[in-house]
Amino acid sequence: MDAAGTLSKMRVTPGEPVTYALHLGDDVIAVHELLGAPLTVTFTGARYCRVCGERVEKLFGEGYCYPHFLSDPSASPCIIRPELCEAHLGGGRDPAWEAAYHLRPHVVYLAHSGGVKVGVTGADHTLTRWIDQGAAAALRLAETPYRRLAGEIEVALKERFSDRTVWQRMLAGAPVDPDELLRARRDALAAIPTPLAPWALPDEPVTALVYPVSQHPAKPRSVDLGRDGAVSGRLVGVRGQYLLFEGGAVLNVRRHTGHHVTLRA
């Protein structure tokens, strides 16, 4: 099978295991079905902005040309730091976009992604967010009516929990203590400031996630297509937004949004 196109985040479907679809040009590739087979991903040298589609020499963030990195609402600072969101005040780079995406229920969660982390996401795609981060297990900690409040809870919890995925441990298949998230929830609930406590969810169940991985790399090695040009080998897993190759090479598909590639399987 040969395909070519511009990389973007793989689309996921929850299940046991999770399934993955990679869209390249007119082709939709069921990546999980390629497990055990040789796979080569080659960068053609072309980069395209995810917003305007223009070819550029350099991409910023996750696939933006510089003007759209500075102006597009999907690249605004409050995407990374939800405590900065001004949607509830009618503000933001594009108030209509903010109202549609950030002026709606948001969830603060705890996820085990190589260690317990705290995060924020829209309430209607919480499970997809956990999958994109490769979480082995996760639970909802609070639900707020808009993004800014969820961000304020997250800030209060950052003294106890990281907000980053430890991707090396996650991809190495670090063992997960099934009670660790429950212990973390007790600490987190106690740390939520009193004015924000009404949005806490003290009894949410833990969701466990299973990925199509036949072999976790002992020492994952990140591939940079701009530097390395290509990655090739037997595909042994897909977790989060990573393709896992035999020998330890891992390709973060989402981080390469906008890179034009050829794929041979």
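The values are calculated or read from the model by the stated rules, or taken from the named source; none is laboratory data. Keep in mind that what you see is a predicted model, and the values were worked out from it rather than measured. Every residue, glycine as well, gets a Cβ built from its backbone with ideal geometry; the counts of neighbours run over all protein chains shown.
Exactly one residue out of 75, 37, 123, 100 is surrounded by fewer than 14 Cβ atoms within 10 Å (Cβ to Cβ), free of Cβ contacts under 8 Å to residues at least 24 places away in the same chain and small (Gly, Ala, Ser): that is 100.
The criterion of being crowded, with 18+ Cβ neighbours inside 10 Å and in a helix (DSSP H, G or I) holds for residue 150.
Does residue 116 satisfy being closer than 30 Å to residue 174 by Cβ and touching a His at 6+ places or on another chain (Cβ under 7 Å)? No: the conditions fail for residue 116. Summed over the stretch 54-70, the residues that are surrounded by fewer than 14 Cβ atoms within 10 Å (Cβ to Cβ) and closer than 13 Å to residue 6 by Cβ give a count of 2. Of all residues in the stretch 186-216, those being surrounded by 13 or more Cβ atoms within 10 Å (Cβ to Cβ), touching a strand residue (DSSP E or B) at 6+ places or on another chain (Cβ under 6 Å) and part of a loop (DSSP other than H, G, I, E, B) number 7.
Return yes or no: is residue 183 free of Cβ contacts under 8 Å to residues at least 40 places away in the same chain and in contact with a strand residue (DSSP E or B) (Cβ under 8 Å, 6 or more places away or on another chain)? Even if it seems obvious, please write down each step before you answer.
Values: free of Cβ contacts under 8 Å to residues at least 40 places away in the same chain: yes; in contact with a strand residue (DSSP E or B) (Cβ under 8 Å, 6 or more places away or on another chain): no.
So residue 183 does not fit the description; no.
Restricting 178, 193 to residues that are modelled with pLDDT of 95 or more and of a type outside the set (S, T, N, Q) narrows the list to 193.
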